[in-house]
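The values are calculated or read from the model by the stated rules, or taken from the named source; none is laboratory data. Owing to the predicted nature of the structure, the values given are computational and were not obtained by experimental measurement. Virtual Cβ from ideal backbone geometry, glycine too; neighbours counted across all protein chains shown.
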Amino acid sequence: MLHPMGRLRELQCCPAARAIRYKDKICTYNDDIQGTASVTLAGIFAALHISKQKLVDQRFLFLGGGSAGTGIAELISQAMVLEGLSIDEARARNALFDVNGLMVKSRQDLADFQKPFAVDLRR
């Protein structure tokens, strides 16, 4: 039996991030979030293979905190979990910087999908 799959193409800032919430009900693939993230992670793994380093030993800073940036950060975080970190430890190794500066927990302008990557400056 064939199961339909929807491909989401982002035309504005955040519709894809909202639409992906249906991922548990409808098979969806967003090329901006998941496509960009998978290609980026593949490049990171290739560089780590050449340099003989581990993903969990890396820290990443993103210039941009939209759906693509957070999608990449989330996939990197999930890969770090597979290497032994907790999801919170993994997300803490990814910092995102957008037009309003570093995404920190005290900011009131963050969307729900950005909040897991907000840095706690009180630590």
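For the reader, a short list of remarks on this structure follows.
- Filtered residue count, the range 108-122, keeping only those that are part of a loop (DSSP other than H, G, I, E, B) and free of Cβ contacts under 8 Å to residues at least 60 places away in the same chain: 9
- Which numbered condition A17 fails, given (1) buried (at least 17 other Cβ atoms within 10 Å of the Cβ); (2) modelled with pLDDT under 80; (3) farther than 29 Å from D109 by Cα: (3)
- Of all residues in the range 29-81, those being under 13 Å from F117 (Cβ atoms), hydroxyl-bearing (S, T, Y) and modelled with pLDDT of 95 or more number 1.
- The condition of being aliphatic (A, V, I, L, M), closer than 20 Å to L121 by Cβ and without any contact (Cβ under 8 Å) to a residue 40 or more places away in the chain holds for only one of L82, L55, L61, that being L61.
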